[in-house]
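The values are calculated or read from the model by the stated rules, or taken from the named source; none is laboratory data. Here the structure is a predicted model, which means the values were calculated and not measured. Heads up, the Cβs are rebuilt from the backbone with ideal geometry, glycines too, and the neighbour counts pull from every protein chain shown.
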Amino acid sequence: MSDEHATLDEETEQALADLTTKQAQFVREYLIDLNATQAAKRAGYSPKTAGQIGFDLLKNPKIEIAVNLATSLRAERTDTSADWVIKNLRALAYDAWRNGDRSVARGCFELIGKHHKAFTDRVEHFEPERLGADELRRALDERDAEIAALTGRTDSDTAETEES
């Protein structure tokens, strides 16, 4: 068990009362670094299965309530929010860029980008052989509409091209 965790407020301790001793310790440990695997290990679960146990524990509704309550109370207590973090990262990035510290600025931009999911690659798989005739026609019509929107062409432009 870790000595790092701070004493939790009374409201959070009441939420922990509904959990087993190990589960409550997991919540306390999880609040240190938000790492479920490490929290499970520090709470006394087997290191071999800590990853899966941590994942499973976070899906437990009672544990989820306790974690959400503790993190929201922490945000109130420290007067912080995601907006506050983003605003301060933005200010830090601007100052760092202006002062020539590109690595700090880049780190801030990366964190802001991750927050906005700017670097998420999304791949759509289109398998026409798995669609029926109506679904395939609808999918092709949607694709044609997307192409027309991107190119600024209308259906009448397309029809004229096909007739030529």
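If you go through the stretch 16-34 and keep only what is in a helix (DSSP H, G or I), more than 18 Å from the chain's Cα centre (by Cα) and charged (D, E, K, R), you end up with 22, 28, 29. If you go through the stretch 65-98 and keep only what is more than 17 Å from residue 113 (Cα to Cα) and of a type in the set (D, E, K, R), you end up with 74, 76, 77, 79, 95, 98.
Residue-wise test of (1) touching a strand residue (DSSP E or B) at 6+ places or on another chain (Cβ under 6 Å); (2) within 23 Å of residue 36 (Cα to Cα); (3) modelled with pLDDT under 75.
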| residue | (1), (2), (3) |
| --- | --- |
| 63 | no, yes, no |
| 67 | no, yes, no |
| 81 | no, yes, no |
| 84 | no, no, no |
| 105 | no, no, no |
| 125 | no, no, yes |
| 157 | no, no, yes |
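Screening 73, 58 for residues that are modelled with pLDDT of 90 or more, surrounded by 11 or more Cβ atoms within 10 Å (Cβ to Cβ), in a helix (DSSP H, G or I) and assigned by TED's automatic domain parsing to the domain that holds residue 21 leaves exactly one candidate, 58. Among the residues of the stretch 35-55, those identified as within 20 Å of residue 74 (Cβ to Cβ), of a type in the set (A, V, I, L, M) and part of a helix (DSSP H, G or I) are 36, 39.
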